[in-house]
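First up is the structure itself, then whatever we jot down about it.
The numbers here are math on the coordinates, done by the rules we state, and not lab data. What you are looking at is a predicted structure, and each value in this text was computed from that prediction instead of being measured. In this analysis, Cβ positions are derived from the backbone assuming ideal geometry, glycine residues included, and neighbour counts consider all displayed protein chains.
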Ligand SMILES: [Zn+2]
């Protein structure tokens, strides 16, 4: 005749067994619950006490163009001298309806894409950024005039999907989504004036000024009134650029203005501190730095 365990072995033994299981469970809770112990093989880690003085290691997203075709880009970026976390081809391969991006370096490793760089007080952005290289030839001169190669729609669609994911996972601030030319002005001009920053901002990627705010600042400013160069340098620096507050409209300042214009007013990146440029900068500061 079949009998239950409790009937077969008697209630006292079964009760002891349950008390033993309960004691083990309480002990496991005390060890793992109270002290958050994590098993690392030969030792435990207790991460109960969390410091306030900490920040995410990845804080910036940097866009580049490769200035090469795809085979050369891949060859150079998988060599020993330069690298980037991701490479976006001109016409990315598609699988099951989704575009494929090449990952050349894991995000938790440092890639060598930024070089000497500065943004918002931080230098050597290779340490703290994810780098995205986009296959594009950059400018070519025809009869002394620069012609820029446009980015393709498929390429930009993949850049948007990829960036959205990187930004979300790493909680990157809009103001920290930058071009190589922003962080190394004068030394670098990529991703160039045809990079669709506005389109990316409309898709929730990176910073962009609100038109009504730009109009409001523009209306307050006399078109040909003298520029307070020191104030302009301070504002550029406050936004993120590296520029000295000499008060003199020197080559460094013009180069930084040009980088700013390539990003936020690409129709004219002459480097001249015109009223619209100043209004765009004011609008950006109001939106992101107030
Ligand atoms: Zn670059």
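Some observations on this one:
- Complete set of residues in region 83-101 that are closer than 13 Å to residue 70 by Cα, surrounded by 19 or more Cβ atoms within 10 Å (Cβ to Cβ) and without any contact (Cβ under 8 Å) to a residue 60 or more places away in the chain: 87
- Selection status of residue 87, farther than 25 Å from residue 197 by Cβ and within 16 Å of the ligand (Cβ to nearest atom): no
- Residue among 127, 153 that alone is more than 14 Å from the ligand (Cβ to nearest atom) and over 22 Å from residue 266 (Cβ atoms): 127
- Against the list (1) in contact (Cβ under 8 Å) with a residue 24 or more places away in the chain; (2) part of a loop (DSSP other than H, G, I, E, B), the condition residue 51 fails is (1).
For (1) under 16 Å from the mean Cα position of the chain (by Cα); (2) surrounded by fewer than 16 Cβ atoms within 10 Å (Cβ to Cβ), each residue gets a yes or a no:
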| site | (1), (2) |
| --- | --- |
| 177 | yes, no |
| 185 | no, no |
| 189 | no, no |
| 195 | yes, no |
| 200 | yes, no |
| 206 | yes, no |
| 213 | no, no |
| 220 | no, yes |
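- Region 110-124, residues that are surrounded by 23 or more Cβ atoms within 10 Å (Cβ to Cβ) and more than 11 Å from the ligand (Cβ to nearest atom): 119
- Counted residues, region 125-151 - those being farther than 16 Å from residue 61 by Cβ and under 21 Å from the mean Cα position of the chain (by Cα): 3
- Restricting the first member to region 62-74 and to residues that are away from the ligand (no atom under 11 Å from the Cβ), and the second to residues that are assigned to a strand (DSSP E or B), the beta-carbon pairs closer than 8 Å and six or more apart or on different chains are 73/87; 73/133; 74/87; 74/102.
- Within region 40-61, if we keep just the residues that are in contact with a strand residue (DSSP E or B) (Cβ under 8 Å, 6 or more places away or on another chain) and away from the ligand (no atom under 16 Å from the Cβ), the residue that is nearest to residue 205 (Cα to Cα) turns out to be 59.
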